[in-house]
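Enquirer: I have a structure I would like to understand better, so I am pasting it below and will then ask my questions one at a time.
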Amino acid sequence: MRFVWQGIGWISLMMGALGVILPLLPTTPFLLLSAWCFARSSKRFHDWLVHHPRLGPPIEAWRRQGAISRKAKCLAMVSIAASLAIAIVAGVPAWVLAFQIACLTAVSVFILSRPEPG
């Protein structure tokens, strides 16, 4: 099972790294998943990730305070708006759009209700 957790950890770390470059892909949730998986599979990789100068601070902020940085919140809101706009332009059915709006609204409320690291 250790190798399964490690594999999921590396995949989510790669997705998080892509999220640094691609605005519609979230970084922090993938980093949190990576840290969680590495904690169950490899102390070495877990310690490397949580002490990494660029990747570690969002993980630490979440662990200590449940906090999301203002920059991450802004990027998340832009991504949410973009995904909704793409769905509208693509002409998805109204029921799908309504479901998407409900989900994105819930996600937005959660993100915006989190404190900022202090």
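Residue-wise test of (1) over 20 Å from A35 (Cα atoms); (2) in the same structural domain as G9 (by TED's automatic domain parsing); (3) at pLDDT 90 or above; (4) not acidic (D, E).
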{"residue": "V50", "(1), (2), (3), (4)": "no, yes, yes, yes"}
{"residue": "L75", "(1), (2), (3), (4)": "yes, no, no, yes"}
{"residue": "V78", "(1), (2), (3), (4)": "yes, no, no, yes"}
{"residue": "I86", "(1), (2), (3), (4)": "yes, no, yes, yes"}
{"residue": "V92", "(1), (2), (3), (4)": "yes, no, yes, yes"}
{"residue": "W95", "(1), (2), (3), (4)": "yes, no, yes, yes"}
{"residue": "A102", "(1), (2), (3), (4)": "yes, no, yes, yes"}
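Enquirer: Let me ask something else. When only residues in the range 4-34 that are of a type in the set (V, I, T), surrounded by fewer than 17 Cβ atoms within 10 Å (Cβ to Cβ) and at pLDDT below 85 count, which is nearest to the chain's Cα centre (by Cα)?
Expert: Among those that are of a type in the set (V, I, T), surrounded by fewer than 17 Cβ atoms within 10 Å (Cβ to Cβ) and at pLDDT below 85, it is V20.
Enquirer: Just to be sure before I move on: is S113 at pLDDT below 95 and out of contact with any Cys (no Cβ under 8 Å at 6 or more places or on another chain) in the structure I sent?
Expert: No, not satisfied.
Enquirer: Give me the residue from the range 88-118 that is within 22 Å of T27 (Cβ to Cβ) and of a type in the set (G, A, S) and, out of that set, surrounded by the most Cβ atoms within 10 Å (Cβ to Cβ).
Expert: Filtering first and then ranking leaves S108.
Enquirer: Would you be able to tell me the number of residues in the range 60-89 that are under 17 Å from L18 (Cβ atoms) and touching a helix residue (DSSP H, G or I) at 6+ places or on another chain (Cβ under 8 Å)?
Expert: So the answer is 3.
The values are calculated or read from the model by the stated rules, or taken from the named source; none is laboratory data. In this text, all values refer to a predicted model and were calculated from it rather than measured experimentally. We place every Cβ from the backbone using ideal geometry, glycine too, and count neighbours over all the protein chains shown.
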